[in-house]
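The next block holds one structure in the form of C-alpha coordinates; read it before the comments.
The values are calculated or read from the model by the stated rules, or taken from the named source; none is laboratory data. Computed from a predicted structure; not experimentally measured. Every residue, glycine as well, gets a Cβ built from its backbone with ideal geometry; the counts of neighbours run over all protein chains shown.
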Amino acid sequence: MENFSRVKEWIEIGKQVGKSDYFGEGDERYLLSIGIQKWEGEYKFYLFKANEYKLRDLDYYDAEGTIRVTHFEELLSLINALSPFKLDELAPLKGQKIFNPAFD
(Lines give C-alpha, C1' and ligand atoms only; values in the text may rest on other atoms or scores of the structure.)
Protein backbone atom coordinates (compact mmCIF):
# COMPACT_ATOMS: atom_id res chain seq x y z
CA MET A 1 0.00 0.00 0.00
CA GLU A 2 2.99 2.28 0.51
CA ASN A 3 3.82 2.25 -3.22
CA PHE A 4 0.20 3.06 -4.09
CA SER A 5 0.23 6.12 -1.80
CA ARG A 6 3.58 7.22 -3.14
CA VAL A 7 2.45 7.02 -6.78
CA LYS A 8 -0.77 8.87 -5.94
CA GLU A 9 1.31 11.59 -4.26
CA TRP A 10 3.51 11.97 -7.37
CA ILE A 11 0.43 12.26 -9.57
CA GLU A 12 -1.22 14.83 -7.30
CA ILE A 13 1.81 17.13 -7.45
CA GLY A 14 1.82 16.98 -11.25
CA LYS A 15 4.62 14.51 -11.96
CA GLN A 16 4.17 12.28 -14.97
CA VAL A 17 4.29 8.61 -14.02
CA GLY A 18 4.19 5.68 -16.36
CA LYS A 19 5.51 2.39 -17.58
CA SER A 20 6.42 0.76 -20.89
CA ASP A 21 6.78 -2.98 -21.25
CA TYR A 22 5.87 -5.97 -23.39
CA PHE A 23 3.03 -8.28 -22.39
CA GLY A 24 1.30 -11.29 -23.87
CA GLU A 25 -2.30 -11.32 -25.02
CA GLY A 26 -3.40 -14.63 -26.48
CA ASP A 27 -0.69 -15.77 -28.89
CA GLU A 28 0.54 -12.22 -29.53
CA ARG A 29 2.98 -9.93 -27.74
CA TYR A 30 2.41 -6.21 -27.47
CA LEU A 31 4.34 -3.15 -26.42
CA LEU A 32 2.23 -1.13 -24.01
CA SER A 33 3.09 2.33 -22.74
CA ILE A 34 0.88 4.15 -20.28
CA GLY A 35 1.38 7.54 -18.72
CA ILE A 36 -0.59 9.55 -16.18
CA GLN A 37 -0.25 13.19 -15.29
CA LYS A 38 -2.41 15.72 -13.49
CA TRP A 39 -2.57 18.73 -15.78
CA GLU A 40 -4.62 21.91 -15.37
CA GLY A 41 -6.95 20.38 -12.78
CA GLU A 42 -7.67 17.10 -14.52
CA TYR A 43 -5.98 13.74 -14.84
CA LYS A 44 -4.70 12.63 -18.22
CA PHE A 45 -4.28 8.95 -18.98
CA TYR A 46 -2.24 8.16 -22.10
CA LEU A 47 -2.08 4.72 -23.71
CA PHE A 48 -0.06 3.36 -26.64
CA LYS A 49 -0.38 -0.30 -27.65
CA ALA A 50 1.31 -1.97 -30.64
CA ASN A 51 1.85 -5.53 -31.75
CA GLU A 52 5.52 -6.43 -31.25
CA TYR A 53 5.92 -7.87 -34.76
CA LYS A 54 4.29 -4.92 -36.52
CA LEU A 55 6.38 -2.27 -34.73
CA ARG A 56 8.78 -2.15 -37.68
CA ASP A 57 6.18 0.01 -39.42
CA LEU A 58 6.54 3.32 -37.59
CA ASP A 59 2.97 4.32 -38.45
CA TYR A 60 1.43 1.15 -37.00
CA TYR A 61 -0.25 0.84 -33.62
CA ASP A 62 -3.31 -0.92 -32.24
CA ALA A 63 -4.39 1.88 -29.92
CA GLU A 64 -3.14 5.33 -29.01
CA GLY A 65 -4.78 8.22 -27.25
CA THR A 66 -5.38 10.32 -24.18
CA ILE A 67 -8.37 10.08 -21.87
CA ARG A 68 -9.18 12.94 -19.49
CA VAL A 69 -10.93 12.33 -16.18
CA THR A 70 -11.68 14.55 -13.21
CA HIS A 71 -11.55 12.02 -10.35
CA PHE A 72 -8.62 9.92 -9.21
CA GLU A 73 -10.86 6.85 -8.82
CA GLU A 74 -11.60 7.02 -12.55
CA LEU A 75 -7.87 6.56 -13.22
CA LEU A 76 -7.90 3.32 -11.26
CA SER A 77 -10.79 2.05 -13.37
CA LEU A 78 -8.98 2.98 -16.59
CA ILE A 79 -5.77 1.26 -15.54
CA ASN A 80 -7.64 -1.90 -14.55
CA ALA A 81 -9.72 -1.94 -17.74
CA LEU A 82 -7.06 -1.02 -20.30
CA SER A 83 -3.75 -2.28 -18.93
CA PRO A 84 -2.13 -5.27 -17.23
CA PHE A 85 -0.13 -2.81 -15.09
CA LYS A 86 -1.14 -1.76 -11.59
CA LEU A 87 -0.90 1.80 -10.26
CA ASP A 88 1.82 0.86 -7.79
CA GLU A 89 4.06 -0.29 -10.70
CA LEU A 90 4.19 3.21 -12.20
CA ALA A 91 7.08 5.54 -11.52
CA PRO A 92 8.18 9.08 -12.42
CA LEU A 93 9.79 9.19 -15.82
CA LYS A 94 13.35 10.30 -16.27
CA GLY A 95 14.38 11.96 -19.49
CA GLN A 96 11.82 11.78 -22.28
CA LYS A 97 8.20 11.62 -21.18
CA ILE A 98 5.66 9.14 -22.54
CA PHE A 99 3.30 11.92 -23.67
CA ASN A 100 2.92 15.67 -23.72
CA PRO A 101 -0.01 16.61 -21.45
CA ALA A 102 -0.51 19.90 -23.30
CA PHE A 103 -1.74 17.94 -26.34
CA ASP A 104 -4.59 15.45 -26.59
(request) For the stretch 14-28, enumerate the residues that are surrounded by fewer than 15 Cβ atoms within 10 Å (Cβ to Cβ) and touching a residue at least 24 places away in the same chain (Cβ under 8 Å). (result) GLY14, SER20, ASP21, TYR22, PHE23, GLU28
(request) List the number of the failed condition for TYR53; all other conditions in (1) aromatic (Phe, Trp, Tyr); (2) farther than 26 Å from PRO92 by Cβ; (3) surrounded by 18 or more Cβ atoms within 10 Å (Cβ to Cβ) hold. (result) (3)
(request) Return yes when LYS49 is out of contact with any His (no Cβ under 9 Å at 6 or more places or on another chain), assigned to a strand (DSSP E or B) and of a type in the set (D, E, K, R) and no when it is not. (result) yes
(message) I'd like to verify a number: residues in the stretch 40-50 that are exposed (fewer than 15 other Cβ atoms within 10 Å of the Cβ) and either in contact with a strand residue (DSSP E or B) (Cβ under 9 Å, 6 or more places away or on another chain) or of a type in the set (A, V, I, L, M) (or both), how many?
(response) 1
(request) Consider only pairs whose beta carbons are under 6 Å apart and that are at least six residues apart or on different chains; among these, list those whose first residue lies in the stretch 71-98 and is basic (Lys, Arg) and whose second residue is outside any helix (DSSP H, G or I) and at pLDDT 95 or above. (result) LYS97/GLN16
(message) I'd like to verify a number: residues in the stretch 72-94 that are more than 11 Å from the chain's Cα centre (by Cα), of a type in the set (Phe, Trp, Tyr) and closer than 13 Å to GLY35 by Cα, how many?
(response) 0
(message) Kindly evaluate ILE13 against the criterion of being of a type in the set (Val, Ile, Thr), over 15 Å from ILE98 (Cβ atoms) and out of contact with any strand residue (DSSP E or B) (no Cβ under 6 Å at 6 or more places or on another chain).
(response) yes
(request) Considering only the stretch 52-70, state which residues are out of contact with any strand residue (DSSP E or B) (no Cβ under 6 Å at 6 or more places or on another chain) and either in a strand (DSSP E or B) or at pLDDT 95 or above (or both). (result) GLY65
(request) Tell me which residues, restricted to the stretch 1-45, are part of a strand (DSSP E or B) and more than 22 Å from ASP104 (Cβ to Cβ). (result) ASP21, TYR22, PHE23, GLY24, GLU25, GLU28, ARG29, TYR30
(message) Between a residue in the stretch 52-64 that is within 25 Å of PHE103 (Cα to Cα) and charged (D, E, K, R) and any residue that is at pLDDT 70 or above and outside any loop (DSSP other than H, G, I, E, B), which pairs come within a Cβ distance under 6 Å, given they are 6 or more apart or on different chains?
(response) ASP62/LYS49; ASP62/ALA50; GLU64/PHE48
